[in-house]
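The values are calculated or read from the model by the stated rules, or taken from the named source; none is laboratory data. The model shown is predicted, which means the values in this text are computed figures rather than measured ones. Cβ coordinates were reconstructed from backbone atoms using ideal geometry, including for glycine residues, and neighbour counts include every protein chain displayed.
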Amino acid sequence: MYDYIIVGAGFFGSIFAYEANKRGKKVLVLEKRNHIGGNAYTKKIENIHVHYYGAHIFHTKDEEIWKYINQFTKLNHYINSPIARYKNEVYNLPFNMNTFSKLFNVFTPKEALEAVEKERSIYKDIEPQNLEEQALKLVGKTIYEKLIKGYTEKQWGTKATNLPAFIIKRLPLRFTYDNNYFNDPYQGIPENGYTEIFEKLLKGIEVRLNTDFLANKEMYLKQTNKVIYTGTIDQYYDYIFGKLQYRSLRFDHQLLNMENFQGNAVINYTEYEIPYTRIIEHKHFYFQIEGKTVITYEYPKTYVDGDDPYYSVNNNENMKVYEKYKEHAKNDNKVIFGGRLGSYKYYNMDQVIKEALNLATKELK
Ligand code: UDP
């Protein structure tokens, strides 16, 4: 008999497992894939830690979370400064003085603000009901059309007018020549890749890979006091209230016999006609110069059964369905849901860690 069977060896599951094990609980971790780490998993190819399920850049405002993660790894000084390519134009992200000067031929913050104001003031009285309106209100038409619309519509597979406004609040607007994508004071990439963190978290804990909990749900439920479930909540309950929507991705990894393919870790392709959203060149996350290079094309994809779900689609309709599952789960004292999928939230890694630590504090008295 286990105290906890934890389903999913990503950040939420692995941190809860670590905290429970530390407090003397008997835990078992089940992982469907053939490796630990969830989507943060990195695989070493040609001496490069390849972010196997897309770029993961660790960043947080929370000093406690920063200290926590630093127990398990040394993070390097990488600062996320993605480049956007639109047709044959190249811009810095996030939208900052470098971007404005290229777009509007301006040099000072005052000139840049005037140029942006001129475009966005047209929308100043609208209360944004969707992503398109939110973006126009924040940055005006030129930036929206060159740098946001195409990228967003291919990432989410739907018109920007069908998307909730909050997604775009993740893009800051800055009147300094500063290409740091995030505002958080703590940022970096684990020097030895992410997988090492999970090896440390799960050290001494029974982990079964290639194991699908749902294929033997009743059996596992008899073997544990509680389940910590980090997969999708709708599938756990056999879709009794209908299916939640997710967005999926497809990654095409390529090992190239050259030193430097694109000169930056992340380049976003913001025009709709190019089917991938970004190309990652992993060695630039680690300031590596010599040797071959590994690049990854990231293609957004409609989620169908059997795919990996990457993003929850948090529109009003889906949230109503999710609330039903959440209510149902409240009356089910055998299971606790968490993580990006279990909580149906667009979480960053630090938020998932926080959620897992909060649960550990509450649950493991
Ligand atoms: N976005 C955009 N242009 C870009 C990058 C991002 O319009 O070049 C928008 C887009 O709507 C996207 C959102 O910002 O869905 C969040 O993007 P980010 O890269 O921060 O998200 P991630 O997928 O890395 O969590």
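Rundown of residues vs (1) under 26 Å from GLN351 (Cβ atoms); (2) under 17 Å from the mean Cα position of the chain (by Cα); (3) crowded, with 20+ Cβ neighbours inside 10 Å, yes/no style:
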site	(1), (2), (3)
LYS43	yes, no, no
GLU46	no, no, no
PHE58	yes, yes, yes
LYS67	yes, no, no
LYS74	yes, no, no
PRO82	yes, yes, no
GLU89	no, no, no
PHE95	yes, no, yes
SER101	no, no, no
Please count how many residues of segment 151-178 are more than 13 Å from the ligand (Cβ to nearest atom) and within 25 Å of HIS282 (Cβ to Cβ). 1
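Here is a yes/no grid of residues against (1) within 16 Å of the ligand (Cβ to nearest atom); (2) more than 29 Å from LEU147 (Cα to Cα):
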residue	(1), (2)
ASN225	no, yes
GLY242	no, yes
SER248	yes, no
THR270	yes, no
HIS282	yes, no
THR293	no, no
TYR297	yes, no
GLY306	no, yes
What do you reckon, is SER312 small (Gly, Ala, Ser), within 25 Å of ALA40 (Cα to Cα), surrounded by 16 or more Cβ atoms within 10 Å (Cβ to Cβ) and modelled with pLDDT under 95? yes
Please specify each residue of segment 322-347 satisfying the condition of being more than 12 Å from TYR246 (Cα to Cα) and surrounded by fewer than 18 Cβ atoms within 10 Å (Cβ to Cβ). GLU323, LYS324, LYS326, GLU327, HIS328, LYS330, ASN331, ASP332, ASN333, LYS334
For segment 136-168, what are the residues that are out of contact with any Leu (no Cβ under 8 Å at 6 or more places or on another chain) and closer than 20 Å to TYR181 by Cβ? LYS149, GLY150, TYR151, LYS154, GLN155, PHE166
Out of (1) within 16 Å of the ligand (Cβ to nearest atom); (2) more than 18 Å from the chain's Cα centre (by Cα); (3) not polar (S, T, N, Q), the odd one out for LEU256 is which? (1)
